[in-house]
1. Filter the chymotrypsin sites (Phe, Trp or Tyr not before Pro) in the stretch 37-97 to those in DSSP coil with at most 12 other Cβ atoms within 10 Å of their Cβ, and list the result.
2. Local charge sum around Gly98 (other residues, Cβ-Cβ under 12 Å, Lys/Arg +1, Asp/Glu -1)?
3. On average, how much area does the Cα convex hull of the stretch 42-143 cover when viewed from any direction, in nm²?
Amino acid sequence: MFYTPHLQATRHLHVSGDYRGICRHKKGKDVLQEFKAFIARGNVLDLAVAVIIGAAFATITTSLTEDIIMPVVGAIFGGADFSSYFIMLGPVPETYTGSLNDYAALKKAGVPLFGYGQFITVIINFLILAFIIFLIVRTANKLFKKPEEPGAPAGPSEVELLAEIRDLLKK
């Protein structure tokens, strides 16, 4: 955007890249009208709804991973929780009185940790979320499948056209 305080108008490029010329900012009515039209578009509202639903869906997925799947996976591999798997990379402060196996408490105390268990939990969480989104999109595509448009009406075949030309030439 070019800003020149001594002019009453500014020139600007819109997001789409097309030049719209001079935008008068005396009372801001043109800008507000343009903003209102932008917000009223279906894409912006759909995106806002998707972000809100996505945030809510993320909490469901996090709970599914942390409260249902990870305890089962941890039980199979001999541990109650993957987030407790870590390697200490530095010393524990002398003032620390908690457990040396508590990842969250050690991290809060400022101990440098290599938390590979928490990383595994996040990766599994991501894979579950990606798979669920795949299933939702797949189902939506099946439900809202566009009906096939009928092709162009079938015309006469080559043999029929040649026979018609032959008959016209005979006359």
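1. Here the sparse-neighbourhood loop sites are Phe77.
2. +1
3. Mean projected area of the Cα convex hull: 9.3 nm².
Bear in mind that the values in this text are calculations on the coordinates, not laboratory data. All of these numbers come straight from a predicted model, not from anything done at the bench. All Cβ positions, even for glycine, are placed from backbone atoms using ideal geometry, and neighbour counts span all protein chains on display.
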